[in-house]
Amino acid sequence: MPDINTLRKILQENRVLAVVGLSADWHRPSNFAAKYMQEHGYRVIPVNPRYAGKEVLGERCYASLREIPDPVGIVDLFRRTEDVLPIAEDAIAIGARVLWQQIGVKNVVAHERALAAGLASVMDRCVKIEHGRLFGGLNWVGVNTRVVSAKRPRWLSY
């Protein structure tokens, strides 16, 4: 699994996320995480056949990764473990740079295929939590982030 420096590099260098399984319902974890990432300067591209052609969080939603016309850095998966492998193949096909499986999602075969194809791969972690942990904010509410630094990132507004 990636260490802190690798996770930080992934999140710094990849500013476009395709969120597979993004829900339009504000109370769903996928929506909450995607909105957080948008508010922190990332472009979020929704991928969900249920909302294809409609807007979710102000962005056009696509039925699959292969329909996205723009380059994608991170493919963030809010799907069941057994559904991940074909999506990982799509991520490889579109030239994504990172396959990110959310908390509770651990498809080892997809992880290994992504690594073999040259993608970085993260399993069983939340992109929102990792961003807050590594770039500030999460520690301000008493969470031990295991990141020690006296420097506040310049891009933070608070």
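Read-outs: derived from the displayed coordinates by stated rules, not from any lab. From a predicted model like this one, the values you see are computed outputs, not experimental measurements. For neighbour counting, all protein chains shown are included, and Cβ atoms are generated from backbone atoms with ideal geometry for every residue, glycine included.
What full-extension length gain, to one decimal in nm, is calculated for I103 and K35 as 0.36 nm per residue of separation minus the Cα-Cα distance?
Gain in length upon complete extension: 22.8 nm.
Can you show me the helix-derived [θ] at 222 nm for the chain, built from DSSP H runs with n ≥ 4 at -39,500 (n - 2.57) apiece and divided by the number of residues, rounded to the nearest 500.
Working: 5 runs with 50 residues, N = 158.
Mean residue ellipticity, 222 nm, calculated: -9500 deg cm²/dmol.
Taking 8 Å as the Cα distance limit and 6 or more residues as the minimum spacing, I'd like the relative contact order of the range 28-77 as a percentage.
Worked out over the range 28-77, it gives 24 percent.
Can you give the extra length, in nm with one decimal, that the chain gains between A116 and A93 once fully stretched, where that is 0.36 nm per residue apart less the Cα-Cα distance?
Length difference between fully extended and current span is 7.0 nm.
With +1 on each Lys and Arg Cβ and -1 on each Asp and Glu Cβ, and nothing else charged, work out how big the dipole of the chain is about its Cα centre, in Debye to the nearest 20.
My answer is approximately 560 debye.
Evaluate the distance, in nm, between pseudo-label points positioned 7 Å from the Cα of M1 and of H27 along their respective Cα→Cβ axes.
Result: 3.0 nm between the two label points.
Whole-Hz ³J(HN,Hα) for each residue in the range 102-117, computed from phi via Karplus 6.51 cos²θ - 1.76 cosθ + 1.60 with θ = phi - 60°, x for glycine and proline: what do you get?
Computed from phi, the couplings for the range 102-117 are 5, 3, x, 9, 9, 9, 5, 5, 5, 4, 5, 5, 4, 4, 5, 8 Hz.
For a label point 7 Å from the Cα of V16 along Cα→C-beta, name the residues of the range 30-66 whose backbone N is under 18 Å from it.
Counting backbone N atoms under 18 Å from the label point, the list is 37-48, 53, 56-66.
Select one label from (i) 44, 40, 29; (ii) 46, 34, 29; (iii) 43, 34, 25: the one whose number is Cα extents along the principal axes in Å as derived from the coordinates shown.
(iii)
Could you tally up the Lys pairs in the chain with alpha carbons closer than 27 Å? Skip any pair fewer than 8 positions apart unless they're on separate chains.
11
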